[in-house]
Each structure stands twice: as structure tokens, then as C-alpha cells.
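Working notes, structure below.
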Amino acid sequence: MPEVHFEVDVERPPDDQPGDNPFNRWHPEIEPVISVEPGETARLECLDWTGGQIRDNDDANEVRDVDLNQVHYLSGPVEVEGAQPGDLLKVTLLDIGPLNDRWEYGFTGIFSQQNGGGFLTDHFPDAAKAIWDLDGTYVSSRHIPDVYYEGKIHPGLIGTAPSQELLEEWNEREQELIDKHEEDPESIHNHPTGESEPPVASPPTEDGALPGEATGDSADRIATEGARTVPPREHGGNCDIKDLSLGSKIYFPVFVEGAKFGIGDLHASQGDGEITFCGAIEMAGYVDVKFELVKGGMNKFGVDHPIFEPGHRGPNFSDYVVFEGYSVTEDGEQHYMDPHVAYRRAALDAIDYLTKFGYTREQAYMILGTVPIEGRQSGIVDIPNACSTLALPKAVFEFDVSPDALEEHGGQGQVPITDDPLS
């Protein structure tokens, strides 16, 4: 087992860890707490993304009341010796798993419309929670019967620090988006969200900022200027890509000396899109990371965003039920080549389909967020409709979810679910 370079205590607050504290802002002045040489492997332990706000119980109010300013606690930063701007940091995910001696469960949440919402918040305005048992890489839930499968385990949040110039570019362009939205909300959002003016970006704020081990003026600048960890950007960040799983090799642009790598928000599994917002099976855990450098790699490879080669470990699903969606809202409004609307329609049809087998709509929504569904942009050229598809793997269910099975039983599945076990 690689040496543990970053250790966490899941029973203590994120800002009161026994060793180095995690960080939750991207800034060039975040202070490295680990130094590795190219070719070295390090084990990094990670808190769950809420820092312990959600526990193994049946209380959905924990999801409803999550403080979204107190989230995304990243382990690191890791300084890779010799890394310079213009290089690529090659990261190989050798192993990922839960902290079985300290944290034995995962959780999924549907966030309420008043606190974060989600992809389908207008259809699911209330909070709900499901707890999952973690059996190695396999998962099951007392809240979602007859589902058992090998998850697509991965870090949701992973990346390198921005330069000061890049940080300023992020903050400026995102503030321009916020200003544009405030002036004309319809120019930004043309899809149903259930709210007239939802936020379009999360600007820097000192509220909840955790600068890691930085102190003094640096800590103040990190709090006031640092980019929130909410979205993905050129450095990686909160990309929530389920295929960054075991064995994956990821090449991150280096923008500052030492790269200053951070990682967190571990997922036992997730479907493409993480569509319930807290849509993955969230967990605390560990990651074994091998660090290498490609000198001058940004120029050599012609990239200024991350690229990756997926690993080949994990579930190998082959049989799917696939749902199509187009750029027409559920109310019949035509949109022009809108893949967001199209994926919503595919997801809503999949949810309705799963209810035919006895699942509640909330359970079905949770399934799509956590099962390794395959989301695709299947058509993006034929005006006026983009075509999005959502492929649901049949093998994750302990019964037959094929259309033939549904037809055989007169349009009613065999799952004996009469009550909603979700809190």
C-alpha cells in the first residue's frame, strides 16, 4: 500500500483535521502540503463533499439543510517537483475505495428547489435521501430495492491550481455571465427550471472559504479571490466524469510552479450527468495517485484543457434500454438544437418507464443519478432538434427491466414496492 500522504478524520470538522486541513478554493497561492517526485505514488484520503453533513440515517432533512457554502473539501495541494507552467501533469488513478474502518456507507440526495435544486428540480422540488451499502466496489440501498451492481468509482473533483491570470479570467467571465443574466434572464436560460431567475454562476465569497494551510495575506486573498469549486474549468475541477475511474490516466495543464494538485468529492458510482445534483453515491475514501510529468506537454499535445484515457477496470455492461429525447419541452415548446432539453426529455421518459416496475418517481430519479447510465449526444446537426440518449444498463437490476418483460406482464413490472422508503 502506498504511503498515506494526506489523512482525514471523518468525525472531525473539515477545518479541524488532525494533520493538514483540506481546501475548497482554487487559487495560485494555495499552499502545498505534500511534495512528490515525478514517478511517485501517494495515497490521499478524502472527506465526503459535504464534510460530514449527511449521515447514515433516514432523515432527508439533512439533504434539505445542507450548507452549500461549506462543501467540496479537497485533499492536497500536492506539489510535483519540477512541474512548470506549460507542462502536463499525468495522473494515474491506481486505486480508489471507501475508508472501510471509518466510513462504511454512501449517500445520494435530491436537493430541494430552495437549496441547490437539480436537473429536474421543477419535477422534484422536495429533498430526498438514499443511503447505500458499500461492498468493495459493489453497491446496494435499503431505500431502492432490487438494485445491486458494481459501481463506477471515481473522484468527482480533481485538478490543478490556476495562475493569477487564469483566475482573473475565470472571475471576470463568470461575473459577466451573472451581470448578463440579471439584465435579461431569458437570454441565459431557455429551458424550464421551476424558478424565474436561477443562479448562473457562483462568484468568489469569503463565506465558508477554507484556504488549507495558507495563512496571513495569502489566506485572505484566497478567501476573497479564490474560485469556487462548483464548476469544471480549464484545470479540471468539478467535472463529475464517471469514466475517470480505476486505471484512468489524466493529463492536466500546469499553470503554476509545482502544479498544486487537489482531489476530492469521491463517488462510489454515478450516471452521466449526475442529474440529481447530489446525484452520485457520495462517500469519504482514499485514492492512490501516481504522478508523472510531460515537459512542455501543452504545446506538444496541442491542448489547454485536460484529456484522459479511461481505465479498463469496473463494470462491463452490454445490454441497455435506451431512451431518446429531443429539443422539445414536456409542455410542447420547441427549442433550437438544445441538448439540455433533449436530455431532460430522455431522463423523464426513463423515470416514467421505471415507475411501471413499481419504483416511485424519486427512486427512479435516484437510480438514474447513481447507476452508470450512458448519456450521449446522438445527434447535433438536424435542425431544429438535438437528439440526446440515455442508456440504462439492465444488469444493475435483480429482475428483467426489458420492454418485453413489461409487455409480458401487461405493462406492470414485478417489483413489489407499495410504499416509498425514501425519506
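Points worth noting:
- The stretch 320-408 shape via C-alpha gyration tensor axes, a/c threshold 1.5: prolate
- Reducing the stretch 133-151 and the stretch 1-43 to their Cα centroids gives an inter-centroid distance of 29 Å.
- Put simply, the stretch 38-99 fits an ellipsoid with semi-axes of 33, 15, 8 Å; these come from the alpha carbon gyration tensor as the roots of five times its eigenvalues, largest first.
- With neighbours defined as other Cβ atoms within 10 Å of a residue's Cβ, the residues Ser327, Ser318, Ser388, Ser75 order from fewest to most as Ser318, Ser327, Ser388, Ser75.
- Cα-centred dipole magnitude for the chain, charges only on beta-carbon of K, R (+1) and D, E (-1), debye, nearest 20: 1080
- Taking Met366, Met298 and counting other C-beta atoms within 10 Å, the order from fewest to most: Met298, Met366
- Whole-Hz Karplus values for the stretch 300-314 come out as 4, 8, x, 10, 10, 10, x, 10, 8, 10, x, x, 10, 9, x Hz, taken residue by residue from phi with 6.51 cos²θ - 1.76 cosθ + 1.60 and θ = phi - 60°; glycine and proline positions read x.
- The value of relative contact order for the stretch 4-309, using C-alpha pairs under 8 Å at least six residues apart, is 34 percent.
- The aspartates and glutamates whose alpha-carbon is closer than 17 Å to the alpha-carbon of Lys295, local same-chain residues fewer than 8 away aside, are Glu37, Glu40, Glu79, Glu81, Asp87, Glu257, Asp304.
- Note on the chain: with a GNM built from Cα contacts shorter than 10 Å, the maximum mean-square fluctuation among Pro199, Pro28, Pro315 falls on Pro199.
- Alpha-carbon centroid distance for the pair the stretch 229-270 / the stretch 321-343, whole angstrom: 29
- The stretch 167-180 - phi-based ³J(HN,Hα) in whole Hz, Karplus 6.51/-1.76/1.60, Gly and Pro as x: 4, 5, 4, 4, 5, 5, 5, 6, 5, 4, 5, 4, 4, 4
- Projecting the Cα atoms of Pro199, Ile307, Ala209 onto the dipole axis of the chain, where Lys and Arg carry +1 and Asp and Glu carry -1 at the beta carbon, places Ile307 farthest toward the positive end.
- Packing-based exposure ordering (other Cβ within 10 Å, fewest first) of Lys180, Lys290: Lys180, Lys290
- Think of it as helices only: each DSSP H run of n ≥ 4 in the chain is worth -39500 (n - 2.57), and spread over all residues that comes to -5000 deg cm²/dmol at 222 nm.
- Projected label distance in nm at Glu104 and Asp59, using a 7 Å step from Cα toward the beta-carbon: 2.1
- Relative contact order (%) - criterion: Cα under 8 Å, at least six apart; region: the stretch 320-408: 36
- For the chain, the longest principal axis of the Cα atoms and the long axis of helix 216-225 meet at an angle of about 30 degrees.
- In Hz, Karplus ³J(HN,Hα) per residue of the stretch 248-254 (6.51, -1.76, 1.60; θ = phi - 60°; x = Gly, Pro): 5, 10, 10, 10, 9, x, 9
Quick note: the coordinates plus some simple rules give every number you see, no bench work behind them. Bear in mind the structure is a predicted one, so any value in this text is a computation, not a measurement. Counting neighbours? That spans all protein chains shown, and the Cβs are built from the backbone with ideal geometry, glycine included.
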